[in-house]
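Written out below as structure tokens is the structure these notes cover.
What follows draws every value from the coordinates through simple rules; no lab data is involved. Because the structure is a prediction, the values reported are computed rather than measured. Every residue, glycine among them, receives a Cβ derived from its backbone with ideal geometry; neighbour counts consider all protein chains shown.
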């Protein structure tokens with residue numbers, strides 16, 4: 001038992017009850033707002049329907065070619081936006097790390113910061129393949 005977490009949860013529940021919350025849902029919302037709830041363990045999650053991606057693609061294909069094409073286009077656009085945001089965050093993080101390393105001073109740290117900055121530049125120009133957007137990901 002984690003005494004610190006139990007005490008924090010008790011404090012949140014007490015504050016919610018003092019504020020007039022009486023339902024279990026209200027108390028759960030208060031715990032969630034305090035970020036004291038954990039994800040359920042995998043055993044408690046419902047079993048997935050089917051194996052892998054095939055049931056999903058069979059369902060999409062059953063909608064017809066027009067709907068499937070429109071869905072593919074929207075998913076490609078969304079994926080490109082998510083990957084662009086992730087790429088920008090990685091570049092910003094690498095540049096921040098380069099500044100932190102350079103701030104430590106010394107020739108060796110400066111050289112390390114130059115390498116990290118070069119990596120940020122490489123990621124930004126698209127040379128890192130994890131940010132590639134492809135059309136067909138079914139295979």
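Here are some notes:
- Principal axis dimensions, largest first and in whole angstrom, of the stretch 54-131 by Cα: 63, 19, 17
- Sites residue 60 and residue 33 - FRET efficiency at Förster radius 30 Å, r taken between beta-carbons, to 0.05: 0.25
- Between residue 11 and residue 97, the FRET efficiency estimated from the beta carbon spacing at R0 = 41 angstrom works out to 0.65.
- Extension gain, residue 24 to residue 127: 0.36 nm times the residue separation minus the Cα-Cα distance gives 32.0 nm.
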